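Colleague: This is the structure, below, for whatever I ask next.
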Amino acid sequence: MTQVPAGQARGPLAIVLALGTAQTIAWASSYYLPAILAAPIARDLGLAPTYVFGALSGALVISGLLGPRVGHAIDTFGGRGLLAISNVVFVAGLLLLSVAHGAAVLIAAWALLGIGMGMGLYEAAFATLARIYGTNARRTITGITLIAGFASTLGWPLTTWLASEYGWRVACQVWAAIHIALALPLNLSLPRAVPLDQQPRPGAAANRQSGRQSETFAMVLLAYMFAAASFVSSGISAILPTMLVAFGASPAQALLAGALVGPAQVGARLLEAGWLARFHPLLSARLAMLMNPIGVVALVAGGPLLATTFTVLYGAGNGIITIARGTLPLALFGPAGFGKRVGMISLPSRVTGAAAPLALGLMVEHIGSSALWISALVSLSAFFALLLLRSEQATSTPLQVGEQNS
């Protein structure tokens, strides 16, 4: 289904570069901010760092709750305007955070940032691309994740330098200025979506083919799979260095192994953009969900000698699953109503991602390194859920673009 008539939209490369850069800024100035600023913020406000990470968890839940409504709005109007509004919300949250002197303003600032995250991170970007390119959005979705995959690589050093030279408050203010000066114009440069009445709709006969998989069944399986993947990804990220040391790695070995997660994510995304692009996204997702269990077995069998093998496999799985959040629903359900579906599917993963660091941290305290086996079992359960999905588009009563089905 073609969403934009030929010639009306700029070339895909220009759109990928613009949206990928805007996504990099959005992730670096929100999700990845506490990793650097939690300690100085907590120290300045007289709070424990857990308050800052707790506020981030709350922001993730808020963003998840907003997902279906944001997705529906993008399905109806396109994503250009909402992504631009998200930059303004990010600016408000960052400026409020920069003047916080207590827990109340800290929480209010992260609530605003949570709204911005719900309107301006991957799910919204994927829905925007699906609205522009329809069923041809897979390569552009992969493209923006390749660029935004460097959000922590670029954002952490910049945030660290700003905080050390000028303080964490100025760091927040600089990120706010970057949103206004760079991210906002980039989002506004995206093409406007074609009006809904100019879009072809799938015929009713296409939705009554016998033998096709139930859409509700497929969405439940996808929601579970992404929730499980988010639990594993967020949980292991929080305990990775400590866990590797518990398996006998030295702090230096743990640091080296952890540093390979980012390159592994990018390498896996390049593989998805190249060789794996010829296959259905289900294959990529199934392979990705096997990466963590294989890595856990390698780590248990080889100890610190195979710590890098574990982190590379873990990072590769994360890299592909991030892309699958957009490409898999697009392949299974098509572009009509894509944004709302993705918002609904992603909601449980926001909750599990927010809860995972605490949950796995408690597991480590009580059962030690066996917590990794639990993460492997969770990944395997998601793999088996994917085996129940079929590669043809699922069908039921169609959730048409612009339809209020909530």
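Colleague: With respect to Leu94, determine if the residue is modelled with pLDDT of 95 or more, under 16 Å from Gly155 (Cβ atoms) and buried (at least 16 other Cβ atoms within 10 Å of the Cβ).
Modeller: yes
Colleague: So which of Thr352, Thr322, Thr327, Thr308 ends up being polar (S, T, N, Q), outside the structural domain of Gly67 (by TED's automatic domain parsing) and more than 14 Å from the chain's Cα centre (by Cα)?
Modeller: Thr308
Colleague: Another one. Mind counting the residues in the stretch 297-311 that are surrounded by fewer than 23 Cβ atoms within 10 Å (Cβ to Cβ), in contact with a helix residue (DSSP H, G or I) (Cβ under 7 Å, 6 or more places away or on another chain) and aliphatic (A, V, I, L, M)?
Modeller: Summing the residues that are surrounded by fewer than 23 Cβ atoms within 10 Å (Cβ to Cβ), in contact with a helix residue (DSSP H, G or I) (Cβ under 7 Å, 6 or more places away or on another chain) and aliphatic (A, V, I, L, M) in the stretch 297-311 gives 2.
Colleague: For the structure I just gave you, tell me whether Leu256 is surrounded by 19 or more Cβ atoms within 10 Å (Cβ to Cβ), more than 24 Å from the chain's Cα centre (by Cα) and either over 17 Å from Leu146 (Cβ atoms) or not assigned by TED's automatic domain parsing to the domain that holds Leu332 (or both).
Modeller: no
Colleague: For the stretch 249-343, which helices (runs of 4 or more DSSP H) that fit wholly inside it have 3 or more residues that are at pLDDT 85 or above?
Modeller: 261-273, 281-302, 307-333
Colleague: Go through (1) surrounded by fewer than 23 Cβ atoms within 10 Å (Cβ to Cβ); (2) at pLDDT below 90 for Leu60 and report which single condition fails.
Modeller: Answer for Leu60: the failing condition is (1).
Colleague: Which of the residues that make up the stretch 97-111 are assigned to a helix (DSSP H, G or I), surrounded by fewer than 21 Cβ atoms within 10 Å (Cβ to Cβ) and touching a residue at least 12 places away in the same chain (Cβ under 8 Å)?
Modeller: Correct list: Ser98, Ala103, Ile107, Ala108, Ala111.
Colleague: Please go through the stretch 29-52 and pick out each residue that is crowded, with 19+ Cβ neighbours inside 10 Å, part of a helix (DSSP H, G or I) and under 22 Å from the mean Cα position of the chain (by Cα).
Modeller: Within the stretch 29-52, Pro34, Ile36, Leu37, Ala38, Val52 meet the criteria.
Colleague: Taking Ala355, is it surrounded by fewer than 24 Cβ atoms within 10 Å (Cβ to Cβ), touching a Phe, Trp or Tyr at 6+ places or on another chain (Cβ under 8 Å) and either among the small types (Gly, Ala, Ser) or free of Cβ contacts under 8 Å to residues at least 24 places away in the same chain (or both)?
Modeller: Yes; evaluated as a whole, the condition is true for this residue.
Colleague: Do we find that Ala55 is crowded, with 23+ Cβ neighbours inside 10 Å, touching a residue at least 12 places away in the same chain (Cβ under 8 Å) and more than 23 Å from Leu184 (Cα to Cα) in this structure?
Modeller: Against the criterion (crowded, with 23+ Cβ neighbours inside 10 Å, touching a residue at least 12 places away in the same chain (Cβ under 8 Å) and more than 23 Å from Leu184 (Cα to Cα)), Ala55 qualifies.
Colleague: Here is a further query. Anything in the stretch 71-92 that is closer than 24 Å to Leu45 by Cα and touching a residue at least 60 places away in the same chain (Cβ under 8 Å)? List them, or say none.
Modeller: If the condition is that a residue be closer than 24 Å to Leu45 by Cα and touching a residue at least 60 places away in the same chain (Cβ under 8 Å), then Phe90, Val91 are the ones that fit.
The values are calculated or read from the model by the stated rules, or taken from the named source; none is laboratory data. Nothing here was measured: the structure is a model prediction, and the numbers come from that model. Cβ coordinates were reconstructed from backbone atoms using ideal geometry, including for glycine residues, and neighbour counts include every protein chain displayed.
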